[in-house]
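The block underneath contains the structure these notes are about, expressed in structure tokens.
The values are calculated or read from the model by the stated rules, or taken from the named source; none is laboratory data. Bear in mind the structure is a predicted one, so any value in this text is a computation, not a measurement. So basically every Cβ, Gly included, is an ideal-geometry build from the backbone, and we count neighbours across all protein chains shown. Ligands, DNA and RNA are excluded from the accessible area calculation, which covers all protein heavy atoms including side chains. Shrake-Rupley method; radii C 1.70, N 1.55, O 1.52, S 1.80 Å.
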Amino acid sequence: MKNHKMYEADDKMISLIRDNYDLLQMLGSFGINLGFGDKTVKETCESNDVDTYTFLAVVNYTANNYGEFESDEQLSVPTLLHYLEASHAYFLDFQLPYIRRELQESLNEHDSLAKLILRFYDEYAHEIRRHMKYEQKTLFPYVQSLIDGQPINDYNVDTFSKHHGATDKKLRELKLLIIKYLPQDGLHNNQLTATLHDIYENEVWLRQHAMVEDQIFVPAIRRLEQQTKQNDVTRNISEMVFKAGAGQNPDALSDREKDVIVALVQGMANKEIADHLCISVNTVITHRRNIARKLQIHSPAGLTIYAIVNELVDISSVKL
């Protein structure tokens, strides 16, 4: 149930659990163990090497759907990655087998319909495992490569988003099948009711898990991808500048090509450059093509940076 309270770093961690008992499993996925006494959220997170801001973002979104994350640059991608990896481990290694054991104990093993229910659950579990294993094998390593500054070139988070559909449909069907078609004696009915409660809880957990991935994790990865691309451009320009400045570039610019760069930085069009340097427009175009090939710089901004760093122009003469 939503309590409409936005939790902050100075709140007591115990108050979060008191208000939202379903956050207990989330603590384990963040690597936070019980026994934190009266520590605040910030104190508890810091003592467990968890980014407080990111922890609260997930908590407040899960508890009350609070937060806008498209442009939130404070989120810690490593913290989110660790949280999702641990959540997968919890669900695959503990929760799925646990519910199956509950179903086995609740159903009459000699009942044909009960056997079909178990087979239906196994199909559901297989689908969930396949979905989560895909993320563990493909998405999570890709995100780690972004964090390490060595992105995998043939993948991006939009590829994941296009294939990230709902995975709890079979769980809802299983729940309805049990309610409609499996009346039991008193003992089995009590066991089955308890199992159904756990299935309902897991349906909520899966939905929240998918929402955290879609609404918090994916936008954070998109920003990291953009940052990585910007860093690559900056690094390429820096490498070209260094090579040119050190005289190590085998494709060093000719004096005429440098003149063309200066003219371009000053805002001249091809015709103006041709008139200024007393050459043809076709020659200007050829020089520009050679400059782009040698420097691997194609934008006016990149050429301006190159010209300033290599002292072809004075920064005071450049219109920024």
(message) Please verify whether Ser76 is surrounded by fewer than 20 Cβ atoms within 10 Å (Cβ to Cβ) and under 14 Å from the mean Cα position of the chain (by Cα), treating the condition exactly as stated.
(response) yes
### Task
For the range 242-255, state whether one or more residues are open to solvent by less than 50 Å² (accessible area, probe 1.4 Å), modelled with pLDDT of 70 or more and on the phi < 0 side of the Ramachandran plot.
yes
Note on the range 64-77: residues among the hydrophobic types (A, V, I, L, M, F, W, C) and in a loop (DSSP other than H, G, I, E, B) are Phe69, Leu75
Quick check, is Ile261 over 38 Å from the mean Cα position of the chain (by Cα) and either at pLDDT below 65 or open to solvent by 40 Å² or more (accessible area, probe 1.4 Å) (or both)? no
Practice item. Kindly check whether there is at least one residue in the range 78-93 that is part of a helix (DSSP H, G or I), modelled with pLDDT under 90 and closer than 30 Å to Asn189 by Cα. Key: no
Across (1) at pLDDT 85 or above; (2) more than 25 Å from Leu146 (Cα to Cα); (3) in contact with a Phe, Trp or Tyr (Cβ under 8 Å, 6 or more places away or on another chain), Leu171 clears everything bar (1)
**Request:** Test Phe55 against the criterion of being open to solvent by less than 20 Å² (accessible area, probe 1.4 Å), assigned to a loop (DSSP other than H, G, I, E, B), of a type in the set (Phe, Trp, Tyr) and out of contact with any Asp or Glu (no Cβ under 8 Å at 6 or more places or on another chain), and give yes or no.
**Result:** no
Of the residues in the range 270-296 that are among the charged types (D, E, K, R) and either in contact with a helix residue (DSSP H, G or I) (Cβ under 7 Å, 6 or more places away or on another chain) or within 18 Å of Ala307 (Cα to Cα) (or both), the one that is least open to solvent (accessible area, probe 1.4 Å) is Lys294
For the range 10-49 the number of residues that are surrounded by 13 or more Cβ atoms within 10 Å (Cβ to Cβ) and not in a loop (DSSP other than H, G, I, E, B) is 22
Exactly one of Tyr7, Tyr61 is surrounded by 18 or more Cβ atoms within 10 Å (Cβ to Cβ), modelled with pLDDT of 90 or more and not in a helix (DSSP H, G or I), and that residue is Tyr7
- Of the residues that make up the range 186-199, is at least one at pLDDT 80 or above, in contact with a Lys or Arg (Cβ under 6 Å, 6 or more places away or on another chain) and of a type in the set (A, V, I, L, M, F, W, C)? yes
Selection from the range 92-112 of residues more than 16 Å from Thr195 (Cα to Cα) and open to solvent by less than 70 Å² (accessible area, probe 1.4 Å) yields Leu92, Asp111
